[in-house]
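The values are calculated or read from the model by the stated rules, or taken from the named source; none is laboratory data. What you are looking at is a predicted structure, and each value in this text was computed from that prediction instead of being measured. Note: ideal-geometry Cβ built from the backbone for every residue, glycine included; neighbour counts use all protein chains shown. The accessibility values were calculated without ligands, DNA or RNA, using every heavy atom of the protein model including side chains. Shrake-Rupley method; radii C 1.70, N 1.55, O 1.52, S 1.80 Å.
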Amino acid sequence: MPVKMSRRARWAVPGTAVAVTAGVVAALQIPAAQASPDLPNKTPAQLLASLTSDSKVPPMTGTVVETTSLGLPQLPQAATSATSITSLLTGSHTVKVYYQDSSHFRLAVPQVASETDVIADGTKLWLWQSTSDSVTEFIPAADAAKQREQKIAAAAPVLTPQQAADQVLAKVGKTTLVSVQANVMVANDPAYQLVLAPKDQRSLIGKVVIAVDGKYGIPLRVQVFAKGAKSAAFQVSYTDLQFVAPDPSNFAFTPPHGAKVDVVKPGPGELGTMPGTAGGKTGTSGFGTYGTSWLTVASFPQSDLTKALDPAAAAQAAGTSAPGKQPDIYSANGNGVGVSSQELLNALLGTAKPVSGSWGSGTLVTTSLVSMLMTGGQVYVGAVTPDVLYAAVGHTK
């Protein structure tokens, strides 16, 4: 899928967090005894060049499975949005993909008693979250047709191998070692394996492996490995794929009766940027980034972390909770047992420790693939060693 999500639409997973949040690969890996599929030999450079551009991806339908294993403490089970931090940091998720072109597609994320859908109908993009009975309607500015198409694609959540690969490939350059591994079968399609590894030892990422379809050059699977790890901490992979055009009805959407609709109308060139980050240091919204490539650190207000755990629940509770009361997020098993955002935050911070230095003092959470620092009312997060986070304090732009 050649679509990317705007920072505005996915502020809950800023910067490189998307590239480093998700899964275990053992269940989907090809057994070692199985022979590699026979494909024409390609060098790393040829394989990079063969990756399909957005305009050349053929129509297709399929199923994507994304799994996560970051070594975090067990989080309370809750009926959260598929795009919330809680959802992205834990477990496994299935995405149904219907793709005609980069401005006509549908991504459906079914969950227990709920569903999240992203629909592009050619003129606008919709984000429907049944948990909160809310719809976000993105209407691009009246640019040229090609720019309009690109903006629609840019607003979609990162839920497919193509989207994940796009983010990783943006890092390829002098900071990256590129190689190939043995060919594999993914979703019954023979595929090459392109391996990208950061040169800088301050990155927590050991390597990223992208399985590339041998015929169309489409990423079929993306795996992110922490340093020294034998299994992936993040995987998003097609488990079923047919190169057939989906029914046009998949791209039609009308907000359900009674649903809250939030209309977003960015100006020319704005869709895909996070509010408050245009130029200079961190904007009034408190969002920003520090560093480049594999060492990118994202920052956002600490006050927003609780809302980020489940934006759907936060939106649903807005204006209805008593002052100071955390919104309830009801458990997915339907038993009515409330799990508050604060409980989720406490569980997430179960391994946190106090830290201090010339930059100040704060609380640090580390996993095999992600480091998170909370200090001075800001949260700093990246797939980097803690010293990179400390250097970012007060310097995000």
Filtering the stretch 352-375 down to residues that are part of a loop (DSSP other than H, G, I, E, B) and touching a strand residue (DSSP E or B) at 6+ places or on another chain (Cβ under 6 Å), which residue is surrounded by the fewest Cβ atoms within 10 Å (Cβ to Cβ)?
-> 352
Just one of (1) modelled with pLDDT of 95 or more; (2) of a type outside the set (D, E, K, R); (3) open to solvent by less than 60 Å² (accessible area, probe 1.4 Å) trips up residue 259, so point out which.
-> (1)
Taking strands (runs of 3 or more DSSP E) that do not extend beyond the stretch 111-156, which have at least 2 residues that are touching a helix residue (DSSP H, G or I) at 6+ places or on another chain (Cβ under 9 Å), of a type outside the set (A, V, I, L, M, F, W, C) and at pLDDT 50 or above?
-> 114-121
In the stretch 176-186, is there at least one residue being in contact (Cβ under 8 Å) with a residue 40 or more places away in the chain, under 28 Å from residue 371 (Cα atoms) and touching a Lys or Arg at 6+ places or on another chain (Cβ under 8 Å)?
-> yes
Does the stretch 116-128 hold any residues that are surrounded by 24 or more Cβ atoms within 10 Å (Cβ to Cβ) and under 21 Å from residue 258 (Cα atoms), and which are they?
-> 116, 118, 125, 127
Could you please give the count of residues in the stretch 209-220 that are in contact with a strand residue (DSSP E or B) (Cβ under 6 Å, 6 or more places away or on another chain) and over 13 Å from residue 44 (Cβ atoms)?
-> 5
Just checking, how many residues over the stretch 371-385 are farther than 18 Å from residue 292 by Cβ and within 22 Å of the chain's Cα centre (by Cα)?
-> 5
If residue 202 satisfies every condition in (1) more than 22 Å from residue 101 (Cα to Cα); (2) in contact with a helix residue (DSSP H, G or I) (Cβ under 6 Å, 6 or more places away or on another chain); (3) open to solvent by less than 40 Å² (accessible area, probe 1.4 Å) but one, which is the exception?
-> (3)
Output yes when any residue across the stretch 203-212 is more than 24 Å from residue 36 (Cα to Cα), of a type in the set (A, V, I, L, M) and part of a strand (DSSP E or B), and no when none is.
-> yes
Answer residue from the stretch 248-259, given it is free of Cβ contacts under 8 Å to residues at least 40 places away in the same chain and in a loop (DSSP other than H, G, I, E, B) and is farthest from residue 177 (Cα to Cα) among those = 257
Provide a single number: the residues in the stretch 214-246 that are at negative phi, exposed (fewer than 14 other Cβ atoms within 10 Å of the Cβ) and in contact (Cβ under 8 Å) with a residue 12 or more places away in the chain.
-> 4
Do you know which residues across the stretch 83-102 are surrounded by 20 or more Cβ atoms within 10 Å (Cβ to Cβ) and at pLDDT 90 or above?
-> 95, 97, 98, 99, 100
